[in-house]
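Reading through the C-alpha cells given below for one structure.
The values are calculated or read from the model by the stated rules, or taken from the named source; none is laboratory data. All of these numbers come straight from a predicted model, not from anything done at the bench. Here the Cβ positions follow ideal geometry from the backbone for every residue, glycine too, while neighbour counts run over all protein chains shown. All accessible areas refer to the heavy atoms of the entire protein, side chains included, with ligands and DNA or RNA removed. Shrake-Rupley method; radii C 1.70, N 1.55, O 1.52, S 1.80 Å.
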Amino acid sequence: KMKKLFSTHWKSSKQPRKQRKYIARAPLHIKHKFLGAHLSKELKHRYKIRSLPLKKDDEVIIKRGQFRGIRGKIEKVNLRKTRIYVKEAQITKLDGNKVYYPIHPSNLMITELNLKDKQRANILERSLKK
C-alpha cells in the first residue's frame, strides 16, 4: 500500500512543523481556500460576509509590507506558492526590468470584487439570502 503525501483526516495540531507540512503538501483545491482575504467595510456590510478567496481582476489594498497603502488590481494568482501579484506592486531589478512583487493574501483587503465569474456571483447571492 502506497503512503499518501496529504492526509485528509488531519484535523489540527499546535506543532508548527505539522502546520507547515499541511500547507506545503495540500492539493490545489484545498490551497484555494488559503487565498482568502478580508472584504472592506462597505463590501462586508453589503454582502454580510467577512472574507472571500482572491481572484484575478479583484481590486485590493495592501495592508502590510513595503507596499502598504497601495491600491491595485490583481494581475496574477499563484496557487502553488500562495502568492498574489498586484499591478501597482512592482520592484525594479538590477538590469532595469520591472517584476511583480509576491504578496501573501493575508496582507490584502478586497475593495472591489470581480463578478464576471458566475459561480462567485452565486456565492454572494446565497449570502444575501441568509
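Shown are ASP117, ASP58, whose ranking by accessible area with a 1.4 Å probe and every protein chain present, most to least, is ASP117, ASP58. When +1 charges are put on Lys and Arg Cβ atoms and -1 charges on Asp and Glu Cβ atoms, the dipole computed for the stretch 54-130 relative to its Cα centre reaches about 280 debye.
Under 5 Å between amide hydrogens, built in the peptide plane, is the criterion, and for GLU88 it picks out LYS73 among residues at least 5 positions away or on other chains. Take the chain with all the other protein chains still there, run a 1.4 Å probe, and you get 77 Å² of accessible area per residue.
Bridges between two residues of the stretch 29-130, per DSSP, are antiparallel at a rate of about 90%.
Cross-link partners among lysines for LYS63, C-alpha distance below 25 Å, same-chain residues fewer than 8 apart left out? Output for LYS63: LYS31, LYS33, LYS41, LYS44, LYS48, LYS55, LYS73, LYS76, LYS81, LYS87, LYS93, LYS98.
Put simply, the Cα atoms of the stretch 82-130 extend 52, 21, 18 Å along their principal axes, the longest span coming first. Per residue, the convex hull spanned by the Cα atoms of the stretch 24-72 amounts to 105 cubic angstrom. Figure note: LYS44, LYS87 ranked by solvent-accessible area, largest first, 1.4 Å probe, ligands and nucleic acids not counted: LYS87, LYS44. The convex hull defined by the C-alpha atoms of the stretch 49-97 has an orientation-averaged projected area of 4.4 nm². Per the 1.4 Å probe, what fraction of the accessible area of the chain, in percent, lies on carbon and sulfur atoms? Here carbon and sulfur together make up 51 percent of the probe-accessible area.
Ordered by solvent-accessible area of protein heavy atoms (1.4 Å probe), largest first, the residues MET109, MET2 come out as MET2, MET109. Taking the Cα atoms of the chain, the ratio Rg/Rh between the radius of gyration and the Kirkwood radius comes to 1.03. Could you name the aspartates and glutamates whose alpha carbon sits less than 14 Å from that of LYS116, not counting residues in the same chain fewer than 8 places away? Result set, ordered by chain and number: ASP57, ASP58, GLU59, GLU125. Per residue of the stretch 112-121, in order, report the coupling 6.51 cos²θ - 1.76 cosθ + 1.60 (Karplus, θ = phi - 60°) as ³J(HN,Hα) in whole Hz, putting x for Gly and Pro. After applying 6.51 cos²θ - 1.76 cosθ + 1.60, I find 8, 9, 8, 9, 5, 7, 5, 5, 5, 4 Hz.
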